[in-house]
Amino acid sequence: RTVYVNGQYVPESEASISVFDRGFLFADGIYEVTAVLNGRLMDFEGHVARLHRSLNELNMHLTLNDNALRDIHRQLIEKNDLQEGLVYLQVTRGVADRDFAYPDASTPVTLVAFTQQKAIIDSPLAERGLRVISLPDMRWGRRDIKTVQLLYPSMAKMEAKKRGADDAWLVESGLVTEASSSNAWIVDHDNTLITRELSRSLLHGITRRAVMQLARQHDMKVEERGFTIKEAQNAREAFVTSATSLVYPVISIDQRSVGDGTPGDIAKALRRLYIEAGLSVSSS
Ligand code: PMP
């Protein structure tokens, strides 16, 4: 695989990062994951906009402009002959002696990007649907910043696996914030889509926004509010959204079937619409 590190495209075996990189020592870095369908980037503008937001919130400065970022993505797709999968981009605060205080603002950031192959359209999990468990949301208070500090989501996924489930929905003050690496949705018995309102408590998903737009274009009602695990278990449908899963139906929560325990029609329809929209884009 060819990867990108600080301005250069190199074989992954030759890529290197300093031991003193703040991403490594402090998880002082942010990232984006953009899906690739048919060799093309999905929702790239949204991912770049969120990248800037994360950088701003953490006072990090990137000298590359958006065209350069897009070019890195495209070159990696081309060099790795990627048809379907993702491009991962990470920016950290760079290399400095270990100290909690940020280094001088002139310290160059570290920029790394790579591709990963993944079957996105023909996904077995999309066919079968996810079984999820609920867990307390024990992450930090700025989940709207897409940092590389992902240990709790990893722990949550491992706990889900240990219990024979696929993923975890995280709960804070009685309400679902989101899933460990995707946004959580339910569909009520009037076919209204419900997902939590944006705040610092959850990541502002790019797929969440795209699916919300698609739903409204197709005259579905969308409500942004929190919901309990109990409401979700009693909902007509449940699903999650993220860049690389697109839309995955959820078929059970804490071992209680949602609806009839099979992927819901609305989740399946939204998944299909989103894929169609992605494949018909010719500009990215
Ligand atoms: N929430 C969390 C915690 C995530 O990690 C992700 C995916 N990175 C999402 C939501 C979904 O965001 P997006 O649709 O932009 O991939």
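Only bridges whose two residues both fall in segment 30-177 count here: according to DSSP, what percent of them are antiparallel, nearest 5?
Expressed as a percentage, antiparallel bridges in segment 30-177 total about 80.
Using the 2.2 N^0.38 Å rule of thumb for compact globular proteins, work out how the chain stacks up: its C-alpha Rg over that value, please.
Here the Cα radius of gyration is 1.02 times the empirical estimate.
Starting from the Cα-Cα distance between Asn38 and Ser18, subtract it from 0.36 nm times their residue separation and give me the gain in nm to one decimal.
Result: 3.7 nm gained on full extension.
Could you tell me how far the Cα centroid of segment 114-184 sits from the Cα centroid of segment 194-269, in Å?
Distance between centres, Cα-based: 13 Å.
If you build a Gaussian network model of the chain, linking Cα atoms that sit under 10 Å apart, which residue out of Trp169, Trp140, Trp185 swings the most?
Fluctuation is largest for Trp140.
For the pair Ala105 and Thr63, how long in nm is the line joining their label points, each one 7 Å along Cα→Cβ?
1.6 nm
Could you run the Debye sum over the Cα atoms of segment 40-192, one equal point scatterer each and no solvent, and tell me log10 of I(q)/I(0) at q = 0.09 Å⁻¹, two decimals?
Normalising to I(0) and taking log10 leaves -0.40.
Starting from the Cα-Cα distance between Glu45 and Val10, subtract it from 0.36 nm times their residue separation and give me the gain in nm to one decimal.
Length gained, Glu45 through Val10: 10.0 nm.
If the only charges are +1 at each Lys and Arg Cβ and -1 at each Asp and Glu Cβ, what is the size of the charge dipole of the chain around the Cα centre, to the nearest 20 debye?
Roughly 300 debye for the chain.
Please list 171-177, 158-164 highest first by mean number of surrounding beta-carbon atoms within 10 Å per residue.
The peptides rank, most packed first, as 171-177, 158-164.
If you restrict to DSSP beta bridges whose two residues both lie in the chain, what percentage is antiparallel, to the nearest 5?
80 percent
Does anyone have the angle between helix 265-280 and the longest principal axis of the chain? Alpha-carbon axes, 0 to 90°, nearest 10?
Long axis of 265-280 versus the principal axis of the chain: about 40 degrees.
Rounded to the nearest 0.05, what FRET efficiency is calculated for Leu55 and Thr262 with R0 set to 51 Å and r the Cβ-Cβ distance?
After rounding, the FRET efficiency stands at 0.75.
Among Ala35, Ala238, Ala68, which one shows the highest mean-square fluctuation when the chain is modelled as a Gaussian network with alpha-carbon springs under 10 Å?
Maximum among the listed residues: Ala68.
Using the Karplus curve 6.51 cos²θ - 1.76 cosθ + 1.60 with θ = phi - 60°, what ³J(HN,Hα) values do you get for each residue of segment 138-155, in whole Hz, with x for Gly and Pro?
10, 7, 6, x, 10, 6, 6, 9, 8, 8, 7, 7, 10, 5, 5, x, 5, 4
Sticking with the crude label model, points 7 Å out along Cα→Cβ, report the distance from His218 to Leu279 in nm, one decimal please.
In this crude label model, His218 to Leu279 measures out at 1.5 nm.
Using only the C-alpha atoms of segment 1-66, find the volume of their convex hull and express it per residue in Å³.
Taking the convex hull of the Cα positions in segment 1-66, it is 114 Å³ per residue.
On each of the three principal axes of the Cα atoms of segment 147-265, give max minus min coordinate, whole Å, ordered largest first.
Result, largest extent first: 38, 32, 28 Å.
Using label points projected 7 Å from each Cα along Cα→Cβ, tell me how many nm separate Asp81 and Trp140, to one decimal.
Roughly 4.1 nm, to one decimal.
Of the beta bridges DSSP finds with both residues in segment 124-280, what % are antiparallel, to the nearest 5?
Antiparallel bridges make up about 65 percent of those DSSP assigns within segment 124-280.
With angles folded into 0 to 90 degrees, how steeply does helix 66-79 sit against the dominant principal axis of the chain? Use alpha carbons for both and round to 10.
Tilt relative to the chain: about 80 degrees.
Sorting check: for 186-192, 46-52, 28-34, which peptide has the highest mean count of neighbouring beta carbons within 10 Å, and how do the rest follow?
Final packing ranking: 28-34, 46-52, 186-192.
Tell me, in nm to one decimal, what length is gained between Leu150 and Glu172 on full extension, where the rule is 0.36 nm per residue of separation less the Cα-Cα distance?
Going from the current span to full extension adds 6.2 nm.
Every number here is computed from the coordinates shown, using simple stated rules; none is lab data. What you see is a predicted model, and the numbers here were worked out from it, not measured in a lab. Methodologically, a virtual Cβ is constructed for each residue, glycine included, from the backbone with ideal geometry; neighbour enumeration extends over all protein chains shown.
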